[in-house]
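A short worksheet on the structure shown next.
The numbers here are math on the coordinates, done by the rules we state, and not lab data. Predicted model only: the values in this text are computed from it and were never measured. Please note: Cβ atoms are built from the backbone with ideal geometry, for glycine as well, and neighbour counts cover all protein chains shown.
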Amino acid sequence: MTVTESKPRYKYVGTRPVRHDGLEKVTGRARFAADLNLSGQLHGIVVRSPHAHARIVSIDTSKAEAMDGVKAVITGDDFPAVDPSNRNYDMCVNIMARHKVFYEGHAVAAVAASTRDQARAAAAAIEVAYEVLPAAMTIDEALAPGAPVLHDHMMTKGADPPATEPSNVSDITRFAAGDLDAGFAEADLVIEREYTTKPVHQGYIEPHACVADTGQDGHTTIWCSSQGHFNVRSSSAAMLGWENTRIRVIPAEIGGGFGGKTTIYLEPLAVALSAKAGRPVKMVMTRDEVFRATGPAPGTKLKVKLGARRDGTLVAGDAYLIYSGGAYAGSGGLLGAMTVFESYNIANFGVESLNVVVNTARSAAYRAPAAPLTAFAIETMLDEIATELGIDALDLRLANAVAEGDPSTMGFPFARIGFTECLEAVRDHPHYSAPLGPNQGRGLAAGYWFNIGESSSATVNLNEDGTATVVTGSPDIGGSRASMALMAAEELGIDPLDIRPVVGDTEAVGFTDVTEGSRATFATGMAVVEACRTMVAELRGRAAKMMGTDIDDIDWVDGQAVYTGSDGDKAPLSVAAICAKAKRTGGPLTATGSLEAHGAGPGFAVHLCDVEVDPETGVVRVVRYTASQDAGTAIHPSYVEGQIQGGVAQGVGWALNEEYIYDSDGVMENPGFLDYRVPVASDLPMIDAVIVEVPNPAHPYGVRGVGETGIVPPIPAVANAINDATGCRLRNLPMSPVRVLEAITANGGSDG
Amino acid sequence: MAVRVHLSSNLRGPAGGLAEIEAQGATVGALIEDLDRRHPGLGDALRSGVSVVIDGLLIAHPEYEPLADGALVYFVPQTAGG
Amino acid sequence: MSRVHVTCTINGDPAEFLCDGGQTLLDALRDEAGLTGAKEGCGTGDCGACSVVMDGRLLCSCLVLAPEAEGATISTVEGMAAGDDLHPLQQCFLEGAALQCGVCTPGFLVAAKALLDRNPDPTETEVRYGLAGNLCRCTGYDKIVRSVLAAAQTVNES
């Protein structure tokens, strides 16, 4: 179902062709990083800390180095020293510990051997002596008086008065508007609530993997699975102390990322091992390593106070947000502060947010980082306010929703946005008024995400037969190649299936930022459009030559050069006809587009969730789900729906099941999909994705990013539905059967 | 160029808490230099990790962005994504 | 350590490979037989990305030792299409946009084929439980389930 504002009619944009990379993926031929093998390849294994916090006293690699098949062993000493003032410091010392380990699973050494078994045996023979330190595993432990301080250099940024001693608080962000006291004084209803959430993992099905081949000339080629191969290049170069030109990164297919593959873990280790051994080195993480050592999303503690007038107008909001970034400074606090009150007009607000370090794996981005948790707080509190004031929950949101011209938390007025349209789409959906069964409840929640622009490059090459190749630098996680082909088809006027969209390596296409922030179809799409428009100008010029006329007399209409001059009739020339004569009219037809994309359009989503709660077990089943989202313009609607549906599934898992569990020594207890339970097909119903299209004025086709916003509303939508079904307010994640049952039976309607 | 500057609330510390400032600059970079002269330390706060919004358009790396006379420039924290 | 010689049938063709006694069938398929369609997502039988059918039984090849394949008949995703003709499941996955990153897709296709072989006309619930051993983190399963139901219809109509 699509709800559309009036927009230009497109021939290809908005259609649903089979994706170009689909055939390889359904036949098992697509090459993911772990599928590559090179001649003479060694296997690399990482040695990881068994302790959550410890000083490295010594590392003895001599036994390992003497073992059969072992060709190289590396430790932190094999990389240039790095200083905390270096902006890559956290990344470098996270990839390979120096002097101290900060979480269980932190890499301390790596070994390359002829076989994986040999490498594993050698890794086990590396002797690391640790001085175990007390660990701070949670926000409370990290902030407690006398807590072990992880980083001696961590002086809280934004502290007032300025910090004079190191602490586990990396930074504090504050936003404010209006007069908070006056705002609350104006309120007829004030509620204050506290929430806690646990770290959760992105849970991509493909573990991190790479192959690095370093030659005697000191140049290396890396094949890897990442959300951004240019970032793999620069990050690896930074860690190795190399120039970018010594590293070529060839993107393999990527088996999911969701933000978790915007940073790197293995690649510089594989390069260093390969350089030392003089052989290609392949490294593939186990699932256990993925859980222990790669980016979970932060855990949080949130305290929010909201004030509303009797008529439902929100007049004051106060938020105190703490995000744990794992072992190094995270960005959750800032992003949480920027999202917590962003969806609603609240004249008086104050936000203070902290990023705190703890002895768990360094957190990484996860789809709309930080926003699902602030939405958990705000959207469940809005439900409480609606109930208390006797106002319909959707009407309450409509009355307070931000629209074009309203100020954002950061002060600027919103451009055209589609929040109201998303609310209306859900209100008008049959789901909204469908009857509920016994033990069932319905929850509504909204969500917001910024979306970003950044740098992108594209090259369009027309082939001799009139087909086209579109090369971009954006790894395709969820179907973006199909979107690139559709936009190019619309511009050039040729069938999208006559266009081959490919992801070029770091030496085949211009610099392109990471596929993150829902930017690929937005920003890289703009680069594709720019390249195509340059190409069309070139095609008009070539056609003018062929027709013996001036370029100004040639229009480009539906894939053809059409003569508009007054010198009689001239037959139109197709792309194929112009391509066939390219050698005689000026040579190969190639055009590039590269830009820094301005004007990323914010995305809003509104979800409606029905759950059924088993009163005897506390098990919550999602039985119906409808998700509206403003896509701006859906270039390939199937993959827009897919992004929304995938975000919902991840959000439902976050709401109900997923959490990192540590034992008393700070060792993760559930590093596998058996005990870290992500939703399976039988846990979910169909997810009705309602695409709302309020075009982004800054994009040639009106695209907003769609990748992230869909994960923001599910947690509060599920929580509100559980409340509707049981009368219980759950404010701690996950809302597991145990917690739900406790709330139903013991706690008088809440989970504590 | 006379320009109106709006600072998001987290950036107002070096500006003595001011939300709006009148300043001069033909580009955002020149504007930041002028702001730093008026409010020492504000330049450092605005040079990295900060985007601008001009005429509704979010610009992440605005140093050389030209400014029209009377423009309204919003300085806001840079966002990221997953 | 001497390696084990295994003779079996893979996707209808006789096949032989050498493997270590402790090597998984998944690793042998990928590293010895050169069939990288089956993926390792977990190595513990929880994600289904390594699904293959051995002697008529759907299983996680990461939980089978390679020497157990001696004399067995194995089907992998690489054997689903008949030459250029895609299996209806493959075609429906393409047309139904049932894949995003695609890394779980081979496992889902193999598991879905095993499901339809034993239950040619499944309900939505039967598809959901039939595929509950396969994890997908991208799609929310909606388009996968729809595509399997569509493929069942195609098979039954032909």
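Here the scattering of segment B:2-77 is modelled by Debye summation over its C-alpha atoms, one equal scatterer each and no solvent; at q = 0.15, 0.22, 0.26, 0.28 Å⁻¹ the log10 of I(q)/I(0) is -0.39, -0.92, -1.37, -1.65.
Bridging of A:Lys63 to lysines at a Cα separation below 16 Å is possible for A:Lys71, once same-chain residues fewer than 8 apart are set aside. The convex hull around the C-alpha trace of segment C:88-157, projected and averaged over every direction, spans 3.9 square nanometres. With coordinates expressed along the principal axes, the C-alpha atoms belonging to segment C:1-132 extend over 48, 31, 27 Å, beginning with the largest.
Suppose the chain between A:Asp552 and A:Ala347 were pulled fully straight at 0.36 nm per residue; how much longer would it get relative to their current alpha carbon spacing?
Details: separation 205, 0.36 × 205 = 73.80 nm, distance 5.42 nm.
Full-extension gain reported as 68.4 nm.
The calculated FRET efficiency for the pair C:Gln153 and C:Arg3, based on their C-beta separation and a Förster distance of 45 Å, comes to about 0.45.
Using only the Cα atoms of segment C:4-79, construct the convex hull and provide its projected area averaged over every direction, in square nanometres to one decimal. It would help to have the intermediate numbers written out before the result.
Working: hull surface 16.4 nm².
The number I arrive at for segment C:4-79 is 4.1 nm².
The alpha-carbon atoms of chain A define a convex hull whose volume equals 171 cubic angstrom per residue. Measuring from each cysteine beta-carbon in chain A, the ones with no other cysteine beta-carbon under 4.7 angstrom are A:Cys92, A:Cys422, A:Cys532, A:Cys579, A:Cys609, A:Cys728.
Rounded to the nearest 20 Debye, what is the dipole magnitude of segment C:4-79 about its Cα centre when Lys and Arg each give +1 and Asp and Glu each give -1 at the C-beta?
Values: 3 positive and 12 negative charges, 45 e Å.
Around 220 debye, computed over segment C:4-79.
3J(HN,Hα) couplings calculated from phi for segment A:403-416 with the Karplus curve 6.51 cos²θ - 1.76 cosθ + 1.60 (θ = phi - 60°) are, in sequence order, 9, 3, x, 6, x, 7, 3, 8, x, 6, x, 4, 6, 4 Hz; Gly and Pro show x. Sorting C:Glu68, A:Glu530 from the fewest to the most surrounding beta carbons within 10 angstrom yields C:Glu68, A:Glu530.
What value, in deg cm²/dmol to 500, does the helix sum -39500 (n - 2.57) over DSSP H runs of n ≥ 4 give at 222 nm once divided by the residues of chain A?
Values: 20 runs with 200 residues, N = 752.
Dividing the helical sum by the residues of chain A leaves -8000 deg cm²/dmol.
For segment C:4-79, the relative contact order works out to 40 percent when only alpha carbon pairs closer than 8 Å and six or more residues apart are counted. The antiparallel fraction among DSSP beta bridges confined to segment A:620-752 stands at about 10%.
Pairwise over distinct Cα atoms, reciprocal of the mean inverse distance: report the Kirkwood radius of segment A:256-305 in Å, one decimal place.
Values: mean 1/r = 0.0738 Å⁻¹.
This gives a value of 13.5 Å.
For the pair C:Arg57 and A:Asp392, label points projected 7 Å from Cα toward Cβ lie 5.7 nm apart. Among beta bridges identified by DSSP and lying wholly in chain A, the antiparallel ones come to about 75 percent. Less than 5 angstrom separates the built amide H of C:Gly41 from those of C:Ala49, C:Cys50, all sequence-distant by 5 or more or on a different chain.
Where does segment A:454-597 land on the Kirkwood hydrodynamic radius, alpha-carbon pairs, in angstrom? Walk me through the intermediate numbers first.
On the way: mean 1/r = 0.0651 Å⁻¹.
Kirkwood hydrodynamic radius for segment A:454-597: 15.4 Å.
Counting only residues at least eight positions apart within a chain, or on another chain, the lysines with an alpha carbon under 22 Å from that of C:Lys39 are A:Lys25, A:Lys261, A:Lys282, C:Lys113, C:Lys143.
Sequence-distant contacts, meaning Cα pairs under 8 Å at least 6 residues apart, place the relative contact order of chain A at 15 percent.
Tell me, what is the FRET efficiency for A:Asp675 and C:Glu68 to the nearest 0.05, using R0 = 25 angstrom and their Cβ-Cβ distance as r? So the FRET efficiency works out to roughly 0.40.
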